[in-house]
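For reference, the structure is listed below as C-alpha cells.
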Amino acid sequence: MTVRFLGVKWRLYWARIGGGLYIVNRPFILDDLAAAHAEPLPVKKAEPAHVLLKLKPENWKEVLPGYLLGMVETERHATVKSLTMLDIVHGGWPSALKPGAEPDADLLTRVQRVYGVRAIHPEGGKFVLSKDGRAFESTLYGTPEVPRQPMRPLPGTPGDRMIRGFGGLNAGLTFEEDGLRAVMTIDRK
C-alpha cells in the first residue's frame, strides 16, 4: 500500500506480531519487530493510545534517502504546477518581460486571481522566462518537458533544515466516549 503524508510518499507493509498490528515502510523492519517481540527491550513510555505512530531519525539509515527523494519529488510537482499556471497566464496577457527575467508582481497577481493560489517555488529556486520568451522554467527543476531533480533537498533550503532539525515524532489516536482524540508531538534537535 502507498500513502502520501506531509509531502512524503511511503510504501507500507503490515503484520500482526504478538498482540499488536504493525505498519512499517520496509519489510525487514517486520523481521526486526518479530525478533524484538521475542525479547522485548525497555522503551520510553508514550502517552496511552489505541493507534500509535513513531518516527525516530536514528533509525532512518536505510530509509532516509527514499524520504528525501519523496520530498524533492513533491516539491518538483508543486513547481511544475506553478510553471504551468505562469505559462498560461503569461501567454494570455501581453507582457514586457524579456528572456531570463523573473515573473513580475503583475503576472504573479494575475496568476493568483485566475487560479486562486500563488505560484510557488518551494526550495528557493527561481522562475525565469525561457530564451524564446514563450514559457517559464525553474532554475532548480527545469521545465515540464525537460525536468531535473536532485536526490535530496539542497543544503540550506527549508526542506534540508526541516530534516536536519527533526528529532522524532509521536502521534497517537485514542477512542474515547465522546469522540476520537489525536495527539501529535514533534521533537526538534
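Rule-based calculations on the coordinates, nothing more; no lab input. In this text the structure is predicted, and so the values were computed from the model without any measurement. Note that we place each Cβ from the backbone using ideal geometry, even for glycine, and neighbour counts take in every protein chain shown.
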_Enumeration of residues in the stretch 110-149 that are in a helix (DSSP H, G or I) and loosely packed, with under 13 Cβ neighbours inside 10 Å_ = Arg113
*Of all residues in the stretch 70-85, count the ones that are among the small types (Gly, Ala, Ser) and within 19 Å of Glu102 (Cα to Cα).*
2
*Give the residue that is surrounded by the most Cβ atoms within 10 Å (Cβ to Cβ), with candidates limited to residues of the stretch 91-105 that are without any contact (Cβ under 8 Å) to a residue 12 or more places away in the chain and outside any loop (DSSP other than H, G, I, E, B).*
Gly92
_Close pairs (6 angstrom Cβ cut-off, 6 or more residues apart or separate chains): farther than 12 Å from Thr84 by Cβ in the stretch 109-120, not in a helix (DSSP H, G or I) anywhere_ = Gln112/Arg118
*In the stretch 141-175, which residues are within 14 Å of Met71 (Cα to Cα), in contact (Cβ under 8 Å) with a residue 24 or more places away in the chain and not aromatic (Phe, Trp, Tyr)?*
Gln149, Pro150, Met151, Arg152, Pro153, Leu154, Thr157, Pro158, Gly159, Ile163, Arg164
